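Structure first, then comments.
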Amino acid sequence: MPVLEIRDEEGGVRVLTLARPRANVFDVELMTALSNAVRAANEEGSVRALVVTGSGSMFSAGLDFKALMAAMMSDPGATDRFGRAMEQAFLDLWTSAKPTVAAVNGHAIAAGYLVAIACDHRLVVAGDGRYGLNELVWGAGFPTVAIELARSVLGPALTEVLLGAELFDAAQGVANGSFAAICDDHAALLAAAIGRARELGARPHAPYAHAKALLQAPFVERARAEAPAVRERMAAASRSPETMAALSRYLGELGRRRGS
């Protein structure tokens with residue numbers, strides 16, 4: 001089964017559905033598939049806009065830490081490959097020349113939240129979904145691209161979302177700028193997202209792409225210019241004994257909540 005489902009709708013709308021069991025968590029395969037799908041859409045004239053959503057009742061719970069830690073046991077370079085694939089997926093979606101719409105159909109946490117807000121227009125379903133950046137709870141470091149992507153969307157609200165590390169609900173997400181609107185149910189969410197993508201895609205492409213690039217330019221430039229020392233500092237913080245102990249506790253609590 002593909003980890004990313006791709007289908008085309010009328011009006012040149014391509015729908016990308018995260019479909020990796022369970023919870024649509026990201027490993028290198030899914031992150032690479034998302035990057036490749038966005039790049040392919042950019043090259044296809046018949047694709048006018050993209051919708052990104054998740055399968056089931058969740059958008060994405062973030063990174064697959066179990067897969068990452070298992071890979072690290074046999075391959076010291078696994079962490080770097082995970083990081084590079086994740087950052088590339090963020091950049092490719094965020095800077096896509098085509099209009100992008102997120103149909104956030106449930107929990108979007110950490111890397112999952114960043115993929116959602118990498119889209120130009122973001123709609124969220126009503127319900128008990130939780131959203132945001134909780135990485136500092138267990139000590140993960142943030143690459144510059146993640147900070148700049150979030151800054152470009154949240155503005156002044158980023159400080160509380162990032163440093164507070166508390167997940168929020170859909171209404172709070174609308175208030176802090178994460179989402180444009182709340183849809184009543186999953187069917188309404190997807191219909192609204194496809195409709196919005198079709199509307200944006202029907203407009204002249206070149207002016208949209210130019211304006212989008214100008215809006216993103218200062219954030220993207222800082223993301224691409226990350227200094228080696230900054231990356232090394234993040235890597236060292238992520239490997240610290242305190243961070244590893246916090247991550248172990250976090251994964252244990254997560255496993256107990258999921259009954260695994």
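The values are calculated or read from the model by the stated rules, or taken from the named source; none is laboratory data. Keep in mind that this is a model prediction, so the values were computed, not measured. Here Cβ is always computed from backbone atoms with ideal geometry, including for glycine, and neighbour counts include all displayed protein chains.
Listed by first and then second residue, the pairs linking a residue in the stretch 175-197 that is under 24 Å from G155 (Cα atoms) to a residue that is among the charged types (D, E, K, R), with Cβ atoms under 6 Å apart and 6 or more places separating them unless they lie on different chains, are F179/R122; A180/R122.
Would you be able to say whether some residue in the stretch 114-121 is surrounded by fewer than 23 Cβ atoms within 10 Å (Cβ to Cβ), farther than 29 Å from S46 by Cα and modelled with pLDDT of 95 or more? Checked the stretch 114-121: no residue is surrounded by fewer than 23 Cβ atoms within 10 Å (Cβ to Cβ), farther than 29 Å from S46 by Cα and modelled with pLDDT of 95 or more.
Looking at the stretch 103-164, what helices (runs of 4 or more DSSP H) fall wholly within it and have at least 1 residues that are in contact (Cβ under 8 Å) with a residue 60 or more places away in the chain and either in contact with a Cys (Cβ under 8 Å, 6 or more places away or on another chain) or of a type in the set (A, V, I, L, M) (or both)?
Values: elements: 111-117, 135-138, 144-154, 158-164.
Once the helices (runs of 4 or more DSSP H) in the stretch 103-164 are filtered for at least 1 residues that are in contact (Cβ under 8 Å) with a residue 60 or more places away in the chain and either in contact with a Cys (Cβ under 8 Å, 6 or more places away or on another chain) or of a type in the set (A, V, I, L, M) (or both), what remains is 111-117, 135-138, 144-154.
The selection criterion, being crowded, with 18+ Cβ neighbours inside 10 Å and touching a Phe, Trp or Tyr at 6+ places or on another chain (Cβ under 9 Å), does not hold for F90.
Can you tell me which of S74, S55 is in contact with a strand residue (DSSP E or B) (Cβ under 6 Å, 6 or more places away or on another chain), of a type in the set (S, T, Y) and either at pLDDT 95 or above or exposed (fewer than 15 other Cβ atoms within 10 Å of the Cβ) (or both)? Working first, answer last.
Values: S74 fails: in contact with a strand residue (DSSP E or B) (Cβ under 6 Å, 6 or more places away or on another chain).
Residue meeting the stated conditions: S55.
What do you reckon, is S46 over 24 Å from A223 (Cα atoms), of a type in the set (S, T, Y) and either part of a helix (DSSP H, G or I) or free of Cβ contacts under 8 Å to residues at least 60 places away in the same chain (or both)? Don't jump to the end; show me each part of the working.
On the way: over 24 Å from A223 (Cα atoms): yes; of a type in the set (S, T, Y): yes; either part of a helix (DSSP H, G or I) or free of Cβ contacts under 8 Å to residues at least 60 places away in the same chain (or both): yes.
Criteria met by S46.
Can you tell me which residue within the stretch 4-19, out of those that are among the acidic types (D, E) and more than 15 Å from A103 (Cβ to Cβ), is farthest from the chain's Cα centre (by Cα)? Here the residue is E10. The set of residues from the stretch 1-16 being closer than 17 Å to A191 by Cα, free of Cβ contacts under 8 Å to residues at least 40 places away in the same chain and surrounded by fewer than 20 Cβ atoms within 10 Å (Cβ to Cβ) comprises I6, R7, D8. Close Cβ contacts (under 7 Å, 6 or more residues apart or on different chains) running from residues in the stretch 225-237 that are under 11 Å from F142 (Cα atoms) to residues that are part of a helix (DSSP H, G or I) comprise V230/T144; A237/T243.
I'd like to know if the stretch 72-94 contains one or more residues that are among the hydrophobic types (A, V, I, L, M, F, W, C) and in a loop (DSSP other than H, G, I, E, B). Don't jump to the end; show me each part of the working.
Of the stretch 72-94, the ones among the hydrophobic types (A, V, I, L, M, F, W, C) are 72-73, 78, 82, 85-86, 89-91, 93-94.
From what is left, the residues that are in a loop (DSSP other than H, G, I, E, B) are none.
Checking the stretch 72-94: not a single residue is among the hydrophobic types (A, V, I, L, M, F, W, C) and in a loop (DSSP other than H, G, I, E, B).
Screening the stretch 178-260 for helices (runs of 4 or more DSSP H) wholly inside it with 2 or more residues that are within 30 Å of N105 (Cα to Cα) returns the ranges 186-201, 205-224, 241-258. Regarding the stretch 22-31, can at least one residue be identified that is within 22 Å of I194 (Cα to Cα) and part of a loop (DSSP other than H, G, I, E, B)? Taking every residue of the stretch 22-31 in turn, at least one turns out to be within 22 Å of I194 (Cα to Cα) and part of a loop (DSSP other than H, G, I, E, B).
For every residue, the table says whether it meets (1) surrounded by 13 or more Cβ atoms within 10 Å (Cβ to Cβ); (2) more than 28 Å from D64 (Cα to Cα).
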position	(1), (2)
A202	yes, yes
A206	no, yes
A211	no, yes
F219	yes, no
R222	yes, no
S238	yes, no
T243	yes, no
L251	yes, no
